[in-house]
1. Over 40 Å, how big is the tail of the calculated P(r) for chain B, in percent of all Cα pairs?
2. Fewest Cβ neighbours within 10 Å first, please rank B:F389, B:F326 accordingly.
3. Report, to two decimal places, the Cα Rg of segment B:52-289 normalised by 2.2 N^0.38 Å (N = number of residues).
4. Could you work out Rg/(2.2 N^0.38 Å) for the protein assembly as shown, with Rg from alpha carbons only?
5. Measure nothing fancy, just the Cα-based angle from helix B:105-117's long axis to the longest principal axis of chain B, in degrees from 0 to 90, nearest 10.
6. For chain A, what does the alpha-carbon gyration tensor say about shape, rounded, prolate or oblate, given a ≥ b ≥ c as the root eigenvalues, a/c under 1.5 as rounded, and a/b over b/c as prolate?
7. Extending each Cα 7 Å along its Cβ direction at B:E299 and B:R162, get the distance between those two points in nm, one decimal.
8. Mind sorting B:F48, B:F29, B:F156 by how few other Cβ atoms lie within 10 Å of their own Cβ, fewest first?
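Readers should treat all values here as calculations from the given coordinates under stated rules, not as data from a laboratory. Predicted, not measured: the structure shown is a model, and the values here were computed from it. Backbone-built Cβ (ideal geometry, glycine too); neighbour counts: all protein chains shown.
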Amino acid sequence: MRKKILELIKYNAKLSAKEIAVMLALPVEQVSKEIRAMEQEKVILGYHTMINWEKVGNDNVVSALIDVKVIPQRDVGFDEIARRLYHYPEVKSVSLISGSYDLSVQVQGKSLKEVANFVAQKLATIEHVQSTRTHFILKRYKEDGVIFADEETDRRQVLQP
Amino acid sequence: MTITHGFDPKRFISPTVKNIPPSGIRRFFDLVANTKGVISLGVGEPDFVTPWHIREACVHSLEKGYTMYTSNYGMPELRQAIASYLLDTFGLEYDPSKQILVTIGASEAVDLALRTVINPGDEVLIPEPCYVAYQPVTRLAGGVPVTVPTTMEDNFALTAARLESYITPRTKVLLLCFPNNPTGAVLDTDTMHAIAALVKKYNLLVISDEIYSELRYDGPPLSFAAIPGMQERTILINGFSKAFAMTGWRIGYVAAHPEFLAQMVKIHQYTILCAPIMSQMAALEALRYGRENAKHMVEQYNQRRRLVVKRLRDMGLECFEPQGAFYVFPSIKHTGLSSIEFAEKLLQEEKVAVVPGNAFGASAEGFIRCSYAASLADLIEAMNRMERFVARHLALNSGAAAEA
């Protein structure tokens, strides 16, 4: 049941418990209870609005994906390095990855310079960080399954028998 | 074109064609098309786009140069895949070399089937409300359509008792379409058995249009051909439009007794030649790798169906719970409006488009068809608008009744 509720609110966070209950043929109390429980257990971490900032004319957001290579050391695992990174508010996401680099970090700043400074002064200087590789994001096409382009959504004829 | 009075094309037009009534919703269609900001629940196709892997398979086949004719019957691999699908889904065995024909949508298959078996004057029983094509196509084949009304009290299912009262010595064919457009009604196994008994008793042939078979919410898909003794008597028609969201590809198929198929393929061969190879390629991909995706779509339709039925009932419209297709068919009789009045006023006042019931036959008057093949956000907004509309008109109608 949890999975079904989550599938529904994943892209429709504004659905009410009543609507969810009808759609899943469940009692509304049970749905409300389950959602509350998932919030408490941090299964549901928040309700975000997905925004295409480019459309708002908000030009002063620069994002970069940074690959980080770490020298493995006794007693200092990847988790420790990740922990030191994810507390920075500039850091939007941190993942452990396979391949020739170890961590993938998404950083956001107001300008190219700000992001560059962050990498040079904060990120690269962390002990055990061996090297970094920075990729600035030039344009977003799709995020979390949502396509950003204004594609015509419904091309069907309005009325068919 | 220069049109002169010296030439009268009407003299040349066959009376059979001339007497087919034009689509009853043409005017309404124009009205909807010319109104801005409309949420349309009048659509008869999935709101899902054909899954990308299916579209990609078609593109790939074009890149590789598959642009030629295929066998009249359709590509052997596709027929084989259809045979496997029918076996997996309904437990029905068909020989892909002699008993399956790929057509331009289920629509062509309906035409082929009727033309193959109808003699002038033969009666074709058509449960109503029904899809708009069956009666005209029956007439074009020289047959006499005999509509068998179904009612909301019977959940718009065809009952054996009702059916039997319409059988005459001239009855040759029973044309079934369940899950049904426009009502969303289905036939359960017991009803199918009872109908099958009549089919046997009166030696009838069944043409079963099962285009909505995958969209069933009360259990797994059922085919009339799978009722004992019915397979050889049933011309089974299905297609890819609804289950795989492939309406524009125009690809369907018919599975039947080899004697029927051998005759049907002649008409197909001389009028169509073969279904387009690119659509066949896409259909093959759909059957091989798209079946799970279809299940996911059904789950989503089911959730929307529950929501829409609940909302319609809450706003005071009588609405039976449909178990198939993606339509709900509420009664609007309490509003005091005819189905066309309801649809026109709803469009003008609240900008929601639905299809008036009378488009689907006389027994569908007093109802409207709402499709829930629309995004959840649109459905919720459309229901909010309809709720306002219905509240207004129920009040108006009860006021009028009180004055009278």
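1. Counting pairs separated by more than 40 Å, the tail of P(r) holds 18 percent.
2. Placing the least packed residue first, the sequence is B:F389, B:F326.
3. 0.99
4. 1.18
5. Approximately 70 degrees, to the nearest ten.
6. oblate
7. Modelled inter-label distance: 3.4 nm.
8. Sorted ascending by nearby Cβ count, the order is B:F48, B:F29, B:F156.
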